[in-house]
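Okay, so here's the structure we're looking at.
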Amino acid sequence: MIAVIAVVPPFRRAAVLAGSRVVLFVASPLAPGIGGFDDLPATSKILAADGSVLVELDTPTGGKRQPVDLDRLPNHVWQAVLAAEDENFYHHSGVDPGAVFRAMVRSAQGRSQGGSTITQQLAKINYTRSERTVFRKLRELLYATRLEGKYSKDQLLERYLNQVYLGDRAYGIAAASESYFGVRPEQLTVAQAATLAGMIKGPEQLDPRTHQAAVRARRDAVLRNMARNGWLPERKLASARSVAIEVVPPRPPVATRAPHFVDYVIREAQSLDSLGGSSDSRGHRVFTGGLTIKTTLDAKAFDAAEAAVRKQLGAPEDPATAVVSVQPGDGAIRAMVSGLDPARKFNLADHSGDGRQPGSAFKPFVYLAALRSGIDPRSPIDARSPKQLEFRGERYTVRNYEGESQGVATVDDALVHSINTVFAQLVLDTGPQSVVKIAKTSGIDDPSRPLEDDRNRPAIALGGLRHGVTPLEMAAAYATFAAKGVYAEPYAITGITDRAGRDVYIHALATRKAFEPKEVGVLNAALMGVVDGGTGTAARIGRPAGGKTGTTQNYGDAWFVGFVPQLSTAVWVGNSEKIVPMRNVHGRRVSGGSFPAIIWGQMMRTTLAGVPVEPIATASPDELGLRLLAPTTSSLPVETTTTASVPTTLPTDTVPPGQPAPTQPAPTAPPTTKKPSNTTTSRPPPTTSTTSQSPQGTAAKKDGGPPG
């Protein structure tokens with residue numbers, strides 16, 4: 001039969017039908033049940049943690065989902081779909097042996113061509129979860145035979161037209177015609193219908209807004225196939241091919257609460273195996289399955305974060321701001337703000353590409369690496385600036401804030417006051433690879449941008465990473481400190497139910513022990529010092545809190561990441577498109593201790609109102625059996641040059657000339673008193689600084705100390 005199909009064109013269609021009937025007869029006894037197929041596509045909704053509706057996932061243009069009626073469509077609409085996907089649809093019984101044969105031949109030739117009929121595609125969308133296996137193809141065939149046995153061809157085609165994905169989150173031809181052409185499907189012209197039908201093959205690669213040439217070639221191929229099947233007269237073929245592809249501009253997204261969090265939830269749902277075997281099949285179910293998706297979003301925390309951003313940096317010309325809050329020990333994402341523009345497609349809070357440099361907000365990982373190496377944080381270290389250091393034959397120059405020479409400082413003091421030269425030396429003692437390991441243990445590790453790139457780079461001491469970090473990663477990492485060393489994988493979906501109220505997915509906590517409680521206890525004591533009297537005083541909230549500022553070179557990125565036992569929050573301020581120096585924002589230079597710390601303080605103060613005050617777990621270095629380093633003032637002379645390599649400057653939190661010098665006294669000797677040995681302490685609530693309420697101060701001390 002395959003030989004007849006391949007060799008004798010006049011008999012191909014009859015052979016297809018005969019071969020399909022044979023397959024149907026053989027496979028029918030094995031076909032599984034097809035319950036639920038009669039359910040029409042339904043709108044799914046996403047809920048906040050309190051049960052309020054964040055969004056209903058209707059059409060991309062915001063309209064209610066309206067299923068198409070095949071009887072009301074012009075013939076050229078459904079004929080275009082058949083010409084593009086399954087020209088023998090009305091002549092086979094669910095499987096097209098000819099298409100399968102052609103797919104096999106072209107596969108052997110190194111070319112790809114799908115061999116699935118429309119009925120098989122329906123089986124894949126609704127039942128087989130699109131697993132890419134031979135077993136899935138067999139199951140797909142079995143489901144297709146059952147569908148062909150129960151439903152008419154018109155019923156199957158109508159269902160396909162209501163479910164097929166056409167890009168831009170448009171499921172069904174009605175949503176796609178509105179999204180791309182601004183018309184109802186009954187109003188589609190021949191050229192428009194062929195354009196949409198051609199997109200089914202690859203919606204993202206055949207987007208008419210971005211790939212006009214490829215879309216036109218595909219459209220014309222569909223039109224020629226329509227003519228070859230006798231569905232389009234030659235004169236109409238020529239006319240349709242001469243029409244330019246004109247689409248309406250994308251409409252702004254429908255106003256929703258927490259739009260970037262909603263986008264994150266959709267992407268997380270499309271990664272859940274319980275919703276399907278591929279992102280495509282999961283997307284179909286998310287948008288058309290009538291699901292109820294319950295999330296972690298705390299409406300109070302989100303509103304507080306957005307209000308704080310709007311108050312401090314709400315003007316159109318202001319830098320962008322991203323805020324993410326994560327619950328320690330649990331991983332629930334309680335707030336996510338990515339600027340104030342809901343139309344921004346690029347989510348600043350969790351983007352999966354390259355992140356942004358964290359500056360000194362990365363120093364806690366160096367601190368933990370030093371503890372793991374047995375270094376007592378009370379060790380005195382040369383803090384003079386500038387300092388030239390050597391690592392594997394290369395020389396690096398590092399400077400403190402305004403080139404200030406600090407004399408001698410402890411590791412604790414260097415963290416509290418963000419002294420760069422101390423941490424630059426510390427990373428040479430511990431090794432960059434140990435810092436990478438600590439950072440990965442803290443959850444800063446994305447497969448798309450491995451930290452292994454930085455394992456031999458001493459610049460990591462001051463947050464000089466090749467690929468940067470995201471606010472979500474930083475919030476989750478600092479949540480590990482708040483949770484006594486327990487890392488919890490961040491998540492946004494707590495559960496999903498179907499239209500009948502049955503559980504489809506229930507989140508299971510994913511936690512692991514990252515650090516010993518005493519290790520993070522020692523770090524936490526120092527991070528509390530950052531807020532109490534260091535670079536982060538603008539983040540005081542009237543209860544125990546720990547955190548760290550971060551400011552990259554030339555004021556390109558500014559961070560404050562901090563926590564209380566109940567919540568960890570990261571605030572990033574910068575330019576979303578490229579690095580832009582933030583030297584004059586409302587009359588001040590943007591360091592981590594300025595707007596980021598102020599936004600953090602205002603957001604956390606509102607969110608935690610009425611929440612019981614809890615102590616932060618701390619510990620003394622004495623409990624870890626550490627060693628004090630001998631005081632050292634040795635370094636390479638800054639004037640020394642080498643012909644072997646060009647001196648390299650570490651990316652540091654330096655401040656260019658012209659910035660006011662810090663007013664805080666520089667430490668000159670290690671402290672002689674020991675930290676208390678209790679493992680849990682609660683400091684008296686500090687008095688909230690008046691400067692934390694106003695972003696207009698310009699003195700370095702009023703900015704929360706030097707950038708860092």
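Tally up the carbon and sulfur contribution to the accessible surface of the stretch 252-321 as a whole percent, 1.4 Å probe, everything protein left in place. Let's see the in-between values first.
Numbers: 1320 of 2570 Å².
So the carbon and sulfur contribution to the accessible surface is 51 percent.
Which residue, chosen from Ala525, Thr497, Gly536, occupies the Cα position most advanced towards the positive end of the dipole of the stretch 471-540, where the dipole is computed from +1 (Lys, Arg) and -1 (Asp, Glu) charges on Cβ about the Cα centre?
Thr497
Treating the beta-carbon of each Lys and Arg as +1 and of each Asp and Glu as -1, no other charges, what is the dipole magnitude of the stretch 426-564 about its Cα centre, to the nearest 20 debye? Before the final figure, lay out the partial values.
Values: 15 positive and 14 negative charges, 47 e Å.
Charge dipole, the stretch 426-564, about its Cα centre: 220 debye, nearest 20.
Pop a pseudo-label 7 angstrom from the Cα along the beta-carbon direction at both Asp50 and Gln433 and give the gap in nm to one decimal.
The two pseudo-label positions are separated by 5.1 nm.
Please go through the residue pairs Lys437/Lys548; Lys311/Lys363; Lys311/Lys513; Lys124/Lys236 and name each one whose alpha carbons sit more than 31 Å apart in this structure. Don't skip to the end; give the middle numbers.
Values: Lys437/Lys548 20 Å; Lys311/Lys363 29 Å; Lys311/Lys513 38 Å; Lys124/Lys236 34 Å.
Distance filter (> 31 Å) returns Lys311/Lys513; Lys124/Lys236.
Would you mind calculating the gained length between Asp71 and Arg251 on full extension (0.36 nm times residue separation, minus the Cα-Cα distance), in nm to one decimal?
Details: separation 180, 0.36 × 180 = 64.80 nm, distance 2.93 nm.
Between Asp71 and Arg251, full extension yields an extra 61.9 nm.
Run the quick spin-label model on Lys578 and Asp273: label points 7 Å from Cα toward the beta carbon, then report their separation in nm to one decimal.
4.4
Listed highest first by mean packing, meaning other Cβ atoms within 10 Å per residue, what order do 232-241, 177-186 come in? Could the numbers behind the result be given before it?
Working: 232-241: 15.2, 177-186: 19.3.
The peptides rank, most packed first, as 177-186, 232-241.
Which of rounded, prolate or oblate describes the stretch 222-338 when judged by the alpha-carbon gyration tensor and an a/c cut-off of 1.5?
Values: a/c = 4.48, a/b = 1.92, b/c = 2.33.
The shape class here is oblate.
Below 14 angstrom from the Cβ of Thr494, what's the summed charge of the other residues (Lys, Arg +1; Asp, Glu -1)? Provide the component values of the computation, followed by the final result.
Details: positive: Lys294, Arg334; negative: Asp50, Glu268, Asp298, Asp330, Glu489, Asp503.
Net charge around Thr494: -4.
By how many nm would the segment from Gln187 to Glu390 lengthen if fully extended, with 0.36 nm per residue of separation less the alpha-carbon distance?
My answer for the length gained is 65.9 nm.
Going by average Cβ neighbours within 10 Å, how do the peptides 497-504, 281-288, 553-560 rank, with the highest at the top? Walk me through the numbers before you get to the answer.
Numbers: 497-504: 12.1, 281-288: 23.2, 553-560: 26.2.
Top to bottom by mean Cβ count within 10 Å: 553-560, 281-288, 497-504.
The values are calculated or read from the model by the stated rules, or taken from the named source; none is laboratory data. Bear in mind that the values here come from a model prediction, so they are computed numbers and not experimental data. Cβ atoms come from the backbone with ideal geometry, glycine included; neighbour counts cover every protein chain shown. Keep in mind that these areas ignore ligands, DNA and RNA; they rest on the heavy atoms of the full protein, side chains included. Shrake-Rupley method; radii C 1.70, N 1.55, O 1.52, S 1.80 Å.
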